[in-house]
Amino acid sequence: MSVKAHNAVLDRTVRGLYFHHFHQVLGTRVSCRVRPLISLPVEFNSILNLMNLGSIGGDSLVYRYNRASDSHLDSLWVILFYKRYLVLVETRSKKGRKKSA
């Protein structure tokens, strides 16, 4: 799978999960940053305990998520597929951001 296709699948997945949990469509107001991980950095341990836990299909897809209290369009998703493939996806509001040339 190409990087572009991979990121598009994760983008759609997180947008769907966001709607499922928060009942809001992110639409074009938000960009998603996808980062595959080999493991979670140690500093994430304390953050994970503050995040909500979700799953689909038992152990097929397990994820942690939360959104910023001061900017609800900004959220963080840690997704584990089949206990093997770990991905970090961050949604960020496009509002007020400068476009790079």
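The values are calculated or read from the model by the stated rules, or taken from the named source; none is laboratory data. All figures in this text were calculated on a predicted structure; none of them were measured in a lab. Heads up, the Cβs are rebuilt from the backbone with ideal geometry, glycines too, and the neighbour counts pull from every protein chain shown. Just the protein is used for accessible areas: all its heavy atoms, side chains included, with ligands, DNA and RNA removed. Shrake-Rupley method; radii C 1.70, N 1.55, O 1.52, S 1.80 Å.
One line per residue, one yes/no per condition, for (1) of a type in the set (Val, Ile, Thr); (2) outside any strand (DSSP E or B); (3) open to solvent by 70 Å² or more (accessible area, probe 1.4 Å):
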{"site": "5", "(1), (2), (3)": "no, yes, no"}
{"site": "14", "(1), (2), (3)": "yes, yes, no"}
{"site": "40", "(1), (2), (3)": "no, yes, no"}
{"site": "53", "(1), (2), (3)": "no, no, yes"}
{"site": "58", "(1), (2), (3)": "no, yes, no"}
{"site": "65", "(1), (2), (3)": "no, no, no"}
{"site": "80", "(1), (2), (3)": "no, no, no"}
{"site": "83", "(1), (2), (3)": "no, yes, yes"}
{"site": "91", "(1), (2), (3)": "yes, no, no"}
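Of all the criteria given as (1) at pLDDT 90 or above; (2) within 28 Å of residue 2 (Cβ to Cβ), the one not satisfied by residue 72 is (2). For residue 53, the stated conditions do not hold, so it cannot be described as hydrophobic (A, V, I, L, M, F, W, C), at pLDDT below 95 and out of contact with any Pro (no Cβ under 9 Å at 6 or more places or on another chain).
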